[in-house]
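Written below as structure tokens is the structure these notes are about.
Throughout, read-outs are computed from the coordinates displayed, never taken from laboratory work. Bear in mind that the values here come from a model prediction, so they are computed numbers and not experimental data. Glycine gets a Cβ as well: all are built from the backbone with ideal geometry, and neighbour counts include every protein chain shown.
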Amino acid sequence: MTLADRIDAFLAWADEWARGLYHGMISHPAYEKIEKEAEDIEDTFMLACFPDAFGIPSPVSYYTAELLPYLEDEFEAWERRMWDRGTLLERKGQQYHF
């Protein structure tokens, strides 16, 4: 086996390894499911902190208003996402029905 053959074999192995890493970390369908689940958890937290945004009275809103300066970047996107998406049952059902 010549040096050129060894280099070609190593490059083929490295290419296969890099493609597997990319598939496992970025393009795999589980990545999308994990991302949706994290978004759902974040939405639940924001809804618990700011229910007044949707007309739900809450006695803790006075205290959670102190968090608004820290979460203002995420608040607009969250509110838009909550108004645009369907029910929670539809969202959870999408995970199991392709």
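Just to verify a number: FRET efficiency for residue 36 and residue 72, C-beta to C-beta distance, R0 = 22 Å, to 0.05? Provide the component values of the computation, followed by the final result.
Numbers: r = 24 Å, r/R0 = 1.08.
Rounded to the nearest 0.05, the efficiency is 0.40.
Mind checking the dipole of the stretch 1-63: about its Cα centre, +1 per Lys or Arg Cβ, -1 per Asp or Glu Cβ, Debye to the nearest 20?
Dipole of the stretch 1-63, to the nearest 20 debye: 120 debye.
Which of these, 35, 72, 16, has the largest mean-square fluctuation under a Gaussian network model of the chain (Cα springs below 10 Å)?
Checking each option, the largest mean-square fluctuation is seen for 16.
Taking 0.36 nm per residue of separation and subtracting the Cα-Cα distance, what length does fully extending residue 63 through residue 7 add?
On the way: separation 56, 0.36 × 56 = 20.16 nm, distance 6.31 nm.
Computed gain between residue 63 and residue 7 is 13.9 nm.
Which label belongs to the value computed from this structure, given these candidates for Cα extents along the principal axes in Å: [x] 76, 34, 17; [y] 53, 29, 21; [z] 78, 30, 14?
Recomputing Cα extents along the principal axes in Å here gives the entry labelled [x].
Suppose only helical runs count, i.e. DSSP H with n ≥ 4. What mean residue ellipticity at 222 nm does that imply for the chain under -39500 (n - 2.57) per run, divided by all residues and rounded to the nearest 500 deg cm²/dmol?
That comes out to -23500 deg cm²/dmol.
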